[in-house]
Amino acid sequence: MLASILEIYGFKPEEWITEPFGTGLINHTWLLKKNDEQYILQRINNNVFKDPYAISNNIRLVGDYLQEHFPDYFFVTPIHSIDGREIVQNDDGYFRILPFVKNSVTYTTVESPELAFTAARQFGKFTHLLAEFDEKLLKETIPNFHNLSLRYRQFEESLQQGNKERLSIAANISKQLEKYRYIVDEFEQIKKSPQFRKRVMHCDTKISNVLFDKKNCGLCIIDLDTVMPGFFISDVGDMMRTYLCPVSEEEKDFSKIEVRDDYFVAIVEGYLAEMKSDLTEEEQKGFIYSGKFMIYMQCIRFLSDYFNNDVYYGAKYEGQNFNRAINQLNLLQRLEEKEESLLQRTKQHKYIFMSKK
Ligand code: GN1
Ligand code: MG
């Protein structure tokens, strides 16, 4: 299946070794190797990304803009096939090849506040450099991807139409989640507020999407499929969701779930180092909210998928999406408990501090 794709790029299939690569849940990724030459080959999941060309158009528009205005900024774009295409298609789906960034290091958990700071700065820088770029030119590669109102409706639908046995197993968790409806109401306010503008967001800011060098300096951000217009709470919120806690969304020992103050400070400082002058006062007041927003949204996405028989995320074992949802609910609870102390730790940023109710 992959051989015919390699040929479209002028690669001789017999010369290349392909091995599965990375931890993504949606696309398929392989490392392509020939002596010391390396590339990343990906099959785009077109059940999720219904219009794969929207991805390549977005990346090209952003890439061209960055190349023109900030030629030193390191931005990884797909290589072209012999006939100049960024995405190629065969009976098995849509594929692309990206250069492998040599000597880069990746992490799946955030092991130090410095790493969190650097990653937050990388994502902040990306949006900051694109502040003058017209984000309306970009398509939503997944329509309504981070529209919490829609995600909540989908959750409600899954409660009506989902797998009955699973609904009953998870009844207690579903009940607890309904109590967090206020997070959706706050999102409705944000959507209406002229103080919150849409910007170019990455929308998947987990640590494995930042490449570091051997000294842990940030090299670049990767996994650009979900680059689209959005509110800053998408990127900052997903950093909180994935950097604050020492264990990942896969952890089943929920007692290990905690919120680390130092990592919160690091995200705030790293992001504001690039974005402070871009964000309005109201937006800065939304820092803590952003964490709740993304954790809650991920929680209901995992739980809805559990009710819908794991059609979206898949499951390696029975109940995986249920466990992920419980994990995220615990994280949300820990974040709420810590809210006051987190605000105290970032007191010098007066608007963040003012978010106190
Ligand atoms: C998915 O495929 P991956 O791991 O990059 C998902 C994100 C979730 C993440 C949770 C397109 O990302 O929204 O945060 O799983 N991407 C899509 O692990 O749904
Ligand atoms: Mg991703």
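Descriptive notes on the structure:
- Whole-Å distance, taken between Cα centres, linking the stretch 53-89 and the stretch 99-126: 21 Å
- Calculated [θ] (222 nm, deg cm²/dmol) that DSSP helices of n ≥ 4 give over the chain, each run adding -39,500 (n - 2.57): -14500 deg cm²/dmol
- Take residue 250: with every protein chain present and a 1.4 Å probe, its accessible area is about 70 Å².
- Simple Cβ-charge dipole of the stretch 313-357, Lys/Arg +1 and Asp/Glu -1, about Cα centre, in debye nearest 20: 280 debye
- Net charge dipole, the chain: roughly 840 debye, given to the nearest 20, about the Cα centre with Cβ charges of +1 for Lys and Arg and -1 for Asp and Glu.
- The chain - Rg and Dmax from Cα coordinates, angstrom: 20.4, 63
- Solvent accessible area, Å² - residue 118, 1.4 Å probe, full protein context: 30 Å²
- The gain in end-to-end length when the residue 64 to residue 21 segment is fully stretched comes to 12.7 nm, 0.36 nm per residue minus the alpha carbon separation.
- Summarised in one figure, the compactness ratio Rg/Rh of the stretch 2-99, Cα atoms and Kirkwood Rh, is 0.97.
- For the residues 103, 308, 57, a GNM of the chain with alpha-carbon springs under 10 Å puts the largest fluctuation on 103.
- Stretch gain in nm, segment residue 248-residue 90, where the contour uses 0.36 nm per residue and the Cα spacing is subtracted: 53.4 nm
- The chain: most fluctuating residue of 208, 168, 234 per GNM, C-alpha cutoff 10 Å: 168
- The stretch 131-163 versus the stretch 296-351: alpha-carbon centroid distance in Å: 17 Å
- Using Cβ point charges alone (K and R +1, D and E -1), the dipole size of the stretch 19-128 about the Cα centre works out to roughly 100 debye.
- Residues of the stretch 86-105 with an amide N closer than 12 Å to a point placed 7 Å from the Cα of residue 8 along the Cα-to-Cβ direction: 86-97.
- Residue with peak Gaussian network fluctuation, the chain [Cα springs, cutoff 10 Å], from 333, 122, 176: 176
The values are calculated or read from the model by the stated rules, or taken from the named source; none is laboratory data. Remember, it's a predicted structure, so these values are computed and weren't measured experimentally. For neighbour counting, all protein chains shown are included, and Cβ atoms are generated from backbone atoms with ideal geometry for every residue, glycine included. Ligands, DNA and RNA are stripped out before the accessible areas are found, and what is left, the full protein with its side chains, is counted by its heavy atoms. Shrake-Rupley method; radii C 1.70, N 1.55, O 1.52, S 1.80 Å.
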